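Taking it in order: structure first as structure tokens, then the write-up.
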Amino acid sequence: MALWRVRAQVDDDPGRLARLTAVLAAQDANVLALNVQACEGGPVDEFFVHTPARVKDCDLRDGLVAAGGRGVVVVPADAHELVDGPTKALVLAAHLRDHPDALPQSLAELLGATDAVWIDPDASLGGVYTGDPEVLYVPVPDGRAVRVTRTGMPFTMTEAARAAALARIPSEAPMPPSASTGTWLLLTDGTEVLVRPGRVDDVAGVQLMHDRCSPESRRLRYFTSIPNLPRNALERLLVPRAGITLVAVRPDGGIAAVGSLLHTREPGSGEIALLVEDAWQGRGLGTALLRRLGSLAQSRGMAEIRAHVLPGNRRMLGVFDRAGLTGQRTFEEGVVLLSMPVVPSALPGRCA
């Protein structure tokens, strides 16, 4: 006997499944598992089937195509692939809570992928639209991204949604204190900083950063040149109840910048705010942080992100432009309101 994994895209009309199963029955195939997944061109039926050894992949493929199947894929399968899908997802989610950096391996296991690796998130944004159906880019809430490849079997929209959901698990678990949850960023002058989620124990470092900022930088960020923020305000900034804050850690351990993405009261909308210490401005740090915050908005399913900028803050408006966060600009109560659409995250280029 041989075990096959079979996929066929079909029109969404009555009798479609019966036509496909009739083809499998004609080859004496025993259907062990069946699931239906969403794709732009119509539903995709996936079967795991046992067939007699005499049945070849071309026999199944030709029959399914004749029955109206499109993008038919027939590949050999292993018995371990028959593990119940929800059970597999729960086991992987539990593992990720203890081992957040194991996300690539977990995505590969979830999707039966050929390869899954961490990549530079800035480079991944353009890759989402390459149109390669066998490559999936999954932005991660901490600003990184995973490139998943599965040779010979295109990803579906359903699988993209599953991948995005699994990628959110580490961010929803208690944040470990280790700096390994961050990403090293190389600035334009060759300096490296660590970008990671903020923590309550960063309060003192952020207060020192505020002290080093000029009154003008504080005014442009908070619309007032307040010298200090209360501790409880800093704690809410670093660990918001609805959103996430990233900090950029200098080589000496001090904090050079703070960027936040907060959920607003409007569903699907978020607001971005950024403060970069004066001595670290002009090195590309602000642009990189905004790109990562945009990636976080993608992974959290936001449709729009906003920012409020003082009219005279041309430098910050330029940073948004360089980060690729462009959209409508309007005046609202004496400030510039930037409204920027968010592209979907973790979507396959297309379905074959």
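On the given criteria, is ALA279 in contact (Cβ under 8 Å) with a residue 60 or more places away in the chain and surrounded by fewer than 20 Cβ atoms within 10 Å (Cβ to Cβ)? Against the criterion (in contact (Cβ under 8 Å) with a residue 60 or more places away in the chain and surrounded by fewer than 20 Cβ atoms within 10 Å (Cβ to Cβ)), ALA279 qualifies.
Checking ILE244 against (1) open to solvent by 10 Å² or more (accessible area, probe 1.4 Å); (2) part of a helix (DSSP H, G or I); (3) touching a helix residue (DSSP H, G or I) at 6+ places or on another chain (Cβ under 7 Å), which single condition isn't satisfied? Among (1) open to solvent by 10 Å² or more (accessible area, probe 1.4 Å); (2) part of a helix (DSSP H, G or I); (3) touching a helix residue (DSSP H, G or I) at 6+ places or on another chain (Cβ under 7 Å), ILE244 violates only (2).
Checking each residue in region 39-64 for being within 19 Å of ALA163 (Cα to Cα) and surrounded by fewer than 16 Cβ atoms within 10 Å (Cβ to Cβ) picks out only GLU40. Scan region 240-271 for residues that are of a type in the set (A, V, I, L, M) and over 18 Å from SER299 (Cα atoms) and the total you get is 7.
Note on region 91-112: residues that are over 13 Å from PRO170 (Cα atoms) and open to solvent by less than 20 Å² (accessible area, probe 1.4 Å) amount to 1. If you check ASN232, ASN228 for being surrounded by fewer than 22 Cβ atoms within 10 Å (Cβ to Cβ), among the polar types (S, T, N, Q) and not in a loop (DSSP other than H, G, I, E, B), only one passes: ASN232.
Considering only residues in region 287-332 that are assigned to a strand (DSSP E or B) and among the aliphatic types (A, V, I, L, M), the one that is farthest from the chain's Cα centre (by Cα) turns out to be VAL309.
The values are calculated or read from the model by the stated rules, or taken from the named source; none is laboratory data. Everything quoted here is computed from the prediction, not taken from an experiment. Using ideal geometry, Cβ is built from the backbone for each residue, glycine included, and neighbour counts are taken over all protein chains shown. Ligands, DNA and RNA are excluded from the accessible area calculation, which covers all protein heavy atoms including side chains. Shrake-Rupley method; radii C 1.70, N 1.55, O 1.52, S 1.80 Å.
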